[in-house]
1. Give, as ranges by residue number, the residues of the stretch 355-375 whose backbone N falls under 11 Å from the point 7 Å along Cα→Cβ of residue 51.
2. For residue 313 and residue 243 in the same chain, what is the full-extension length gain: residue separation times 0.36 nm, less their Cα-Cα distance, in nm?
3. Once you put a point 7 Å from the Cα of residue 334 and another 7 Å from the Cα of residue 278, both along the Cβ direction, what distance in nm separates them?
4. Quick one: if you stick a label point 7 Å off each Cα along the C-beta vector at residue 458 and residue 180, how many nm between them?
5. What ranking of 375, 199, 362, 459 emerges when the number of other C-beta atoms within 10 Å of each C-beta is taken as an exposure proxy, fewest first?
6. Please report 334, 442, 347 as a ranked list, fewest other C-beta atoms within 10 angstrom at the top and most at the bottom.
7. Mind giving me the FRET efficiency for residue 320 and residue 59? R0 is 25 Å, r the Cβ-Cβ distance, nearest 0.05 is fine.
8. List, largest first, the extents of the alpha carbons of the stretch 260-394 along their principal axes, each in whole Å.
């Protein structure tokens, strides 16, 4: 009989860490440097939908004016966390969540951490725990010394026990504190959901998913050695609150559900591969989302003429959908038809209700591929428009530098390169290119001043 090996404590801890919602305390040279360690992905459609999910929750949590950014992480696990003023959501969570309400519950939980100032409180708690551990170590060291000077083995042994116990006590104190904050964030999430007229059933479904995965893993976990309450405990804590709410049976609007299905299938196609996409599309058979997934899969893995036919059918069904036009532009670019692609991207930009900075950059790339002096000038305008809306798009600066270079604007190209390095967290190269750009610029002009800002920048080392 074959059997799976019993999970170790470390493996069990990883199961809980993977199936968790929480917050992180991170210290890096910059926000972008921290992001370099995270597999971040960008997509105008997915970002717009997630921001629509978050907007009423942030308003209810008093975070509407706090400039909270939502970052998509290319990870297949169901997870989300916050650090600084950024909320990170895994693509795995978006793809696994069957309804918008499940993801909205996740966002509400993370908003609870932000509104409660849990990150700073955890830093304070860590400092207190560190002090506890140091005191215990000093007491233990004193007992060891006393034991040695009095030739008392028992006293020396007790000193070692005090030192070891102090570290254990500090660790348990931190974990207990984090579990308390998780429970607080869960309850805050229900408050925000009630305030926005939404059900908490999505949260219960999420925790039930965690509980099932934990059971299937066979992991034996000490509940006092983890940073999150056990899923069953979280369900028990929330069940009464959720079921007492007048919104308990409220469903997501059909249009929102359709958008959610579309981004799920998009993630499956691009991140999960053909098999995962096919399985999901089978469940959505006959829907517009399934047709969207089929068009994207055909573009990515099949033939371009067929993908274009399928995308044109989508556009006929929803003429004002910016992201169908974006897909059409992608197909035409791959087919080496940059002029037609530019027309499709231009329509996407004009239809985009979220005014994403990514779409004008795509339009700029298509105009660059057209390759005429006039199209290059238009490319510079479009890419600058996109970067004006999304200044941290470091990839966009690479295309801007190329466009400036092809137009013969070398200082503009070097400054754009400096900006790209700057927003990637590579400050050394950013300063080098900024200095090179300045040498070809008139002292005091706007671009010279921006280059000087980069040269003078000093990283705080904080997020």
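Any read-out appearing in this document is the output of simple, stated calculations on the displayed coordinates, not a laboratory observation. Computed from a predicted model, the values in this text were never measured in an experiment. Neighbour counts are summed over all protein chains in view; Cβ atoms, including those assigned to glycine, are modelled from backbone coordinates with ideal geometry.
1. Once the point is set 7 Å along Cα→Cβ of residue 51, 355-359 turn out to lie under 11 Å by backbone N, inside the stretch 355-375.
2. Result for the pair: 20.9 nm of gain on full extension.
3. Label at residue 334, label at residue 278, 1.8 nm between them.
4. 3.8 nm
5. Least to most surrounded, the residues fall as 459, 375, 199, 362.
6. So the residues, fewest neighbours to most, are 442, 334, 347.
7. Taking R0 as 25 Å, the efficiency between residue 320 and residue 59 is 0.45.
8. Dimensions of the stretch 260-394 along the principal axes of its Cα atoms: 47, 29, 26 Å.
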